[in-house]
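The values are calculated or read from the model by the stated rules, or taken from the named source; none is laboratory data. Quick caveat, the model's predicted, so the values are computed rather than measured. Cβ placement follows ideal geometry from the backbone for every residue including glycine, while neighbour counts extend to all protein chains displayed.
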Amino acid sequence: MTAMKPGETGGVVLLGWKTRDRALALLQQDCEFDPPLNDHDAEVLWARYRERVNAVRGRPVRAPAPLVFTDDEQRLVADFLQDQARHGGNVRGVVKVDPLGLVAHQLEITTARTTSLSERLQTPADWALECLCPAPSAERPSIRHAPNSMDVDLPHGEWALVFDAKMGLVLGEAARCITVTPIEPYLVLWSGYHRAYASVACRPKGGAAILAAVVGDPGVAAAARSCGLRAVRSDHPPVFSDFFDPELALPVRFRAKRFTMEIRARMVAANVEASI
């Protein structure tokens with residue numbers, strides 16, 4: 001691959017855990033190669049990584065043991081859980097773990113955010129806060145609107161429109177904290193992949209532990225949309241440490257993208273059956 005063009009971002013992909021069709025779509029539509037990959041070349045590349053994944057079938061994968069909070073982390077966790085209790089939700093608690101032992105359902109990571117995080121986060125307290133209570137995006141979304149219609153330009157794709165009992169409809173960044181969920185017998189990293197990657201890539205050896213909210217079942221619909229969930233339920237699930245294994249993780253250049261949330265509303269009139 002040649003040097004990145006403006007707007008492109010570096011990343012890593014656990015290509016061998018993807019199905020053939022999903023792998024080819026990613027390589028040919030979402031990644032930049034010079035020259036571009038044709039169907040044959042893309043399939044050969046996928047098959048090479050698939051063979052390596054098949055070689056790790058049956059390897060032991062165990063949920064990482066929880067680590068002990070520092071006093072500062074304990075106070076942060078207590079404040080976080082108190083805030084979660086006020087807003088409701090499905091957070092069961094918080095754990096401190098080594099992310100390398102977590103099972104991964106997301107099979108690609110944009111690594112470009114790693115540099116900005118490493119420059120901004122200087123102390124263990126900074127990293128702990130970033131795990132559970134990161135600062136909101138400094139970029140203000142651009143909004144174009146008309147009656148029953150709104151288009152919002154966003155800095156990245158991890159935003160959601162949600163209903164808050166106190167504030168009504170709220171547009172904000174989804175998965176503000178790093179989350180893990182138990183899918184027996186594993187502990188799966190559900191959200192916060194960029195921060196977990198940065199914690200390993202940027203922090204001193206042995207200091208990569210993360211704080212993560214433990215959530216219940218994130219939902220069948222959300223799980224069904226995860227192309228990595230099939231791999232999680234296999235006999236050789238991908239583990240977060242695989243992102244740092246050059247035999248299993250393919251470095252790529254992701255094509256530049258822009259993200260727009262398109263919000264539409266329509267009135268529906270339904271007949272009301274007369275009561276007898």
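Going by the structure shown, is L187 aliphatic (A, V, I, L, M), under 20 Å from the mean Cα position of the chain (by Cα), over 21 Å from P64 (Cα atoms) and modelled with pLDDT of 85 or more?
Details: aliphatic (A, V, I, L, M): yes; under 20 Å from the mean Cα position of the chain (by Cα): yes; over 21 Å from P64 (Cα atoms): no; modelled with pLDDT of 85 or more: yes.
For L187, the condition - aliphatic (A, V, I, L, M), under 20 Å from the mean Cα position of the chain (by Cα), over 21 Å from P64 (Cα atoms) and modelled with pLDDT of 85 or more - is not met.
Is it the case that G7 is at pLDDT below 95 and touching a His at 6+ places or on another chain (Cβ under 9 Å)?
Values: at pLDDT below 95: yes; touching a His at 6+ places or on another chain (Cβ under 9 Å): no.
For G7, the condition - at pLDDT below 95 and touching a His at 6+ places or on another chain (Cβ under 9 Å) - is not met.
Find the residue count for segment 12-51, including only residues that are closer than 23 Å to A201 by Cβ, surrounded by 20 or more Cβ atoms within 10 Å (Cβ to Cβ) and touching a Lys or Arg at 6+ places or on another chain (Cβ under 9 Å).
Selection size over segment 12-51: 7.
Determine, yes or no, whether R48 is of a type in the set (D, E, K, R) and touching a helix residue (DSSP H, G or I) at 6+ places or on another chain (Cβ under 9 Å). It would help to see each step written out before you state the result.
Numbers: of a type in the set (D, E, K, R): yes; touching a helix residue (DSSP H, G or I) at 6+ places or on another chain (Cβ under 9 Å): yes.
Yes.
Just to be sure, is A125 touching a helix residue (DSSP H, G or I) at 6+ places or on another chain (Cβ under 9 Å), exposed (fewer than 13 other Cβ atoms within 10 Å of the Cβ) and small (G, A, S)?
Working: touching a helix residue (DSSP H, G or I) at 6+ places or on another chain (Cβ under 9 Å): yes; exposed (fewer than 13 other Cβ atoms within 10 Å of the Cβ): no; small (G, A, S): yes.
When the stated conditions are applied, A125 does not pass them.
For every residue, the table says whether it meets (1) aliphatic (A, V, I, L, M); (2) touching a residue at least 60 places away in the same chain (Cβ under 8 Å).
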residue	(1), (2)
D151	no, yes
L154	yes, yes
V162	yes, no
K166	no, no
R176	no, no
W190	no, yes
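Residues in segment 186-199: is at least one surrounded by fewer than 15 Cβ atoms within 10 Å (Cβ to Cβ) and not in a strand (DSSP E or B)? Lay out the reasoning, then the answer.
Of segment 186-199, the ones surrounded by fewer than 15 Cβ atoms within 10 Å (Cβ to Cβ) are none.
No; the residues of segment 186-199 include none that is surrounded by fewer than 15 Cβ atoms within 10 Å (Cβ to Cβ) and not in a strand (DSSP E or B).
Within segment 137-159, does at least one residue satisfy the condition of being closer than 30 Å to P60 by Cβ, at pLDDT below 90 and out of contact with any Leu (no Cβ under 9 Å at 6 or more places or on another chain)?
At the first step, the residues of segment 137-159 found to be closer than 30 Å to P60 by Cβ are none.
No: segment 137-159 contains no residue that is closer than 30 Å to P60 by Cβ, at pLDDT below 90 and out of contact with any Leu (no Cβ under 9 Å at 6 or more places or on another chain).
Give all pairs with beta carbons closer than 8 Å in which a residue from segment 115-129 that is more than 18 Å from T70 (Cα to Cα) and in a helix (DSSP H, G or I) meets a residue that is of a type in the set (D, E, K, R) and modelled with pLDDT of 80 or more; count only pairs at least 6 apart in sequence or on separate chains.
Between residues of segment 115-129 that are more than 18 Å from T70 (Cα to Cα) and in a helix (DSSP H, G or I) and residues that are of a type in the set (D, E, K, R) and modelled with pLDDT of 80 or more, the close pairs are L117/E130; L117/R195; R120/D126.
F259 fails exactly one of the following numbered conditions: (1) at pLDDT 90 or above; (2) touching an Asp or Glu at 6+ places or on another chain (Cβ under 8 Å). What is the number of that condition?
(1)
What residue, of V13, V56, V61, V68, is of a type outside the set (K, R) and in contact with a Phe, Trp or Tyr (Cβ under 8 Å, 6 or more places away or on another chain)?
Details: V13 fails: in contact with a Phe, Trp or Tyr (Cβ under 8 Å, 6 or more places away or on another chain); V56 fails: in contact with a Phe, Trp or Tyr (Cβ under 8 Å, 6 or more places away or on another chain); V68 fails: in contact with a Phe, Trp or Tyr (Cβ under 8 Å, 6 or more places away or on another chain).
Exactly one of V13, V56, V61, V68 is of a type outside the set (K, R) and in contact with a Phe, Trp or Tyr (Cβ under 8 Å, 6 or more places away or on another chain), namely V61.
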